[in-house]
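Written out below as structure tokens is the structure these notes cover.
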Amino acid sequence: MTILAFGAAGQVGRVLAQMPEVTALTRAEADLSQPGQCDEAIRSLRPKYVINVAAYTNVDGAESAEELAFRINADAPMEMAQTCADLDVPLVHISTDYVFDGSGTMARRPDAATAPLNVYGRSKLAGEAGVRAAGGPHAILRTSWVFDDQGQNFLTTMLRLGASRDHLTIVADQIGGPTPADALATACLVSGRHLMANPGATGVYHYAGHPDVSWADFARAIFEVSGLSCTVEDIPTSDYPTPAARPLNSRIDCQSFETVFGLQRPDWRANLAVYLSKYESP
């Protein structure tokens, strides 16, 4: 029996796809926007457990593509969860800190009240509800600020811009925990294995990198480690308007995940150095 992962082309999916025990499906192999394809893939493969790292992640684009965002982020996970529950197969589902409104300065626990600010957050929250309603063994892992050395993410964007500009203005009043894609992939595998033996661990958890930092300070760290001379000027979120509102406080409390699954939060600074050592500019 294998492990089935949806979202092979994404940051975390690419990591999972490299593991021999994982069968990772791309959108061409399982299109989450099409009803029935997730159910068919799970029933065909009969995996040990399922990991869903696929999502509609264009936060601004979701504002004008609400129906599509909900099909992928809400309907598809619910379909996966219903099939998994029917087959008694654990499901690990990735969610987001965007289910919160980002007020205050304290790190939010998994049982904190949710109040998403945008369509993306609402669609992910609906996906969580669908997974829970199915009633099967599951772990919903909320994370934040995922990055790696490939594709489109904050790290690769900063490296590209930092190589061509001397100065950047970057938001400094949004605070969160950058999460290395490799570490999140490991967290998914650990969660799935644990659920197979301990289905009572079912629930919502938080897993993100530490220490918490602003986007501006994250950029400074990237430039320092990479040796780029680009300077960073702090600006407030109000100076960088976007179609979708962003939470200012993306701090999430990961203690329950550490207690149940025995995996500590990753230090993003160490992972940053590793990613930069193998980064190849496009």
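Odds and ends about this structure:
- Some residue of segment 32-39 being at positive phi, free of Cβ contacts under 8 Å to residues at least 60 places away in the same chain and surrounded by fewer than 16 Cβ atoms within 10 Å (Cβ to Cβ): yes
- Every condition in (1) over 21 Å from the mean Cα position of the chain (by Cα); (2) modelled with pLDDT under 95; (3) of a type in the set (A, V, I, L, M, F, W, C) is met by L272 except one, and the failing one is (1).
- Filter result (surrounded by 20 or more Cβ atoms within 10 Å (Cβ to Cβ) and touching a helix residue (DSSP H, G or I) at 6+ places or on another chain (Cβ under 8 Å)) within segment 195-212: L195, V204, Y205, H206, Y207, A208, G209
- For segment 158-171, the set of residues classified as surrounded by fewer than 18 Cβ atoms within 10 Å (Cβ to Cβ) and either among the β-branched types (V, I, T) or not in a strand (DSSP E or B) (or both) consists of R160, L161, A163, S164, R165, D166, T169, listed by residue number.
One line per residue, one yes/no per condition, for (1) among the small types (G, A, S); (2) more than 24 Å from R108 (Cα to Cα); (3) over 18 Å from the mean Cα position of the chain (by Cα):
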{"residue": "C188", "(1), (2), (3)": "no, no, no"}
{"residue": "R193", "(1), (2), (3)": "no, yes, yes"}
{"residue": "A197", "(1), (2), (3)": "yes, yes, yes"}
{"residue": "P211", "(1), (2), (3)": "no, no, no"}
{"residue": "A216", "(1), (2), (3)": "yes, no, yes"}
{"residue": "R220", "(1), (2), (3)": "no, yes, yes"}
{"residue": "L228", "(1), (2), (3)": "no, yes, yes"}
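- Qualifying helices (runs of 4 or more DSSP H) (wholly inside segment 4-110; at least 2 residues being in contact with a strand residue (DSSP E or B) (Cβ under 7 Å, 6 or more places away or on another chain), over 18 Å from T186 (Cα atoms) and among the hydrophobic types (A, V, I, L, M, F, W, C)): 37-45, 76-87
- Any hit, segment 192-207, residues being more than 25 Å from P116 (Cα to Cα) and of a type in the set (S, T, Y): no
- Selection within segment 1-37: residues that are more than 23 Å from D75 (Cα to Cα) and in contact with a Lys or Arg (Cβ under 9 Å, 6 or more places away or on another chain). The member of this set that is modelled with the lowest pLDDT is M1.
- Comparison of A216, A273 shows that the only residue that is aliphatic (A, V, I, L, M), loosely packed, with under 15 Cβ neighbours inside 10 Å and without any contact (Cβ under 8 Å) to a residue 60 or more places away in the chain is A273.
- When the criteria are applied in full, D101 fails the requirement of being touching a residue at least 12 places away in the same chain (Cβ under 8 Å), under 24 Å from R193 (Cα atoms) and surrounded by fewer than 20 Cβ atoms within 10 Å (Cβ to Cβ).
The values are calculated or read from the model by the stated rules, or taken from the named source; none is laboratory data. Note that the structure is a prediction, hence the values are computed from the model and not measured. Note: ideal-geometry Cβ built from the backbone for every residue, glycine included; neighbour counts use all protein chains shown.
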